[in-house]
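What follows is a single structure, written as structure tokens, with notes after it.
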Amino acid sequence: MKDPGALARLVQRLYPGARLLAARPLAGGVSAEVTALEVAHPDGRAETLVLRRHGAADLARDPDIAAHEFRLLQVLQAAGVPAPRPLHLDTSGTILPTPFLLQGFVDGDTEDVPADLDDHMRQIAEALAAIHRVPALPFLPLQEEQAAALIARPRPEPDETLAESRLRAALAAAWPPPRRNPPVLLHGDVWPGNLLWRGGRLQAVVDWEDAAAGDPLADLANARLELFLAHGEDAMAALTRHYLALTGADTTALPLWELWAALRPIAGLPGWGLEPAEERSLRERHRAFTGRALAAGGWG
């Protein structure tokens, strides 16, 4: 949001007498525009608000995505899930031309190297288990159906250095996975960049635009991949151990969900802007993860 006048009017409209002190962009998902608003209230209290506006792609996929995300954050707050606090929803188009929501600012940052890896993974597992205790919400898309659409959409030039064709063939032959766990709320994109920490404590899981309903193994598989890429096998094993101790989830279909998780980032990886050495390392770990999943599912 580049119009400070519009932001100032937004603050004054929603919080009469308050003043906008500053605005700065935040990273907030692939297609959402996220802005931190520093606000001074009439009583002298300072507060940071977070403005989220979904882009054209999200609105085309779900015209009510702002209302759905706001409702989701309300449910998460009531369930005790560490997530941003929802403050205000506007779908009128009279303040800003597109729907938006305001949420509380979470004071935290992503930690590149955790001081205590096992404790770090335990906290992520606890947050994941808390998310999965929330029943599937009726307005959320079904993860299994989204996955099927990705599997059925081949690319003209598959990345064979990451075994893309082999991944797709194994997935197409075995999809859908066996349903051994009840459908639950899924975050949809659990990775280190969506986890905010302060003083070694997990403060919040953010960026809920990919939330879906389905098998909790979908989230577990994606988190295993991301943590394997970021921190290696010990991190992935610790996350899984803690998560299964908390939930007792049936992991029969985990290798298949892991193949789906491995397929997801392949198309976008060249555009991540990584340094050559970093990309080579990531690709090596991705191949190792894929090989493990293929072997575990009997496709190796």
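Only the coordinates and a few stated rules stand behind these numbers; no lab work does. Every value quoted in this text rests on a predicted model; they were computed, and no experiment measured them. No Cβ is skipped: glycine too gets one built from the backbone with ideal geometry, and neighbour counts run over all protein chains shown.
Among the candidates Leu256, Leu263, Leu274, Leu282, the residue that is without any contact (Cβ under 8 Å) to a residue 40 or more places away in the chain and surrounded by 13 or more Cβ atoms within 10 Å (Cβ to Cβ) is uniquely Leu274. Among the residues of region 57-69, is there at least one that is under 18 Å from the mean Cα position of the chain (by Cα), loosely packed, with under 15 Cβ neighbours inside 10 Å and either in a helix (DSSP H, G or I) or among the small types (Gly, Ala, Ser) (or both)? The answer is yes, given that some residue of region 57-69 is under 18 Å from the mean Cα position of the chain (by Cα), loosely packed, with under 15 Cβ neighbours inside 10 Å and either in a helix (DSSP H, G or I) or among the small types (Gly, Ala, Ser) (or both).
Residue count for region 223-249 satisfying the condition of being of a type in the set (A, V, I, L, M) and assigned to a loop (DSSP other than H, G, I, E, B): 1. Taking every residue in region 175-188 that is more than 18 Å from Ala125 (Cα to Cα) and pairing it with any residue that is of a type in the set (Phe, Trp, Tyr), at least 6 positions away or on another chain, the pairs with Cβ-Cβ distances below 7 Å are Pro177/Trp257. What number of residues in region 84-136 are of a type in the set (Phe, Trp, Tyr) and under 30 Å from Glu233 (Cβ atoms)? Counting residues in region 84-136 that are of a type in the set (Phe, Trp, Tyr) and under 30 Å from Glu233 (Cβ atoms) gives 0. The set of residues from region 80-106 being among the small types (Gly, Ala, Ser) and touching a Lys or Arg at 6+ places or on another chain (Cβ under 7 Å) comprises just one member, Gly104.
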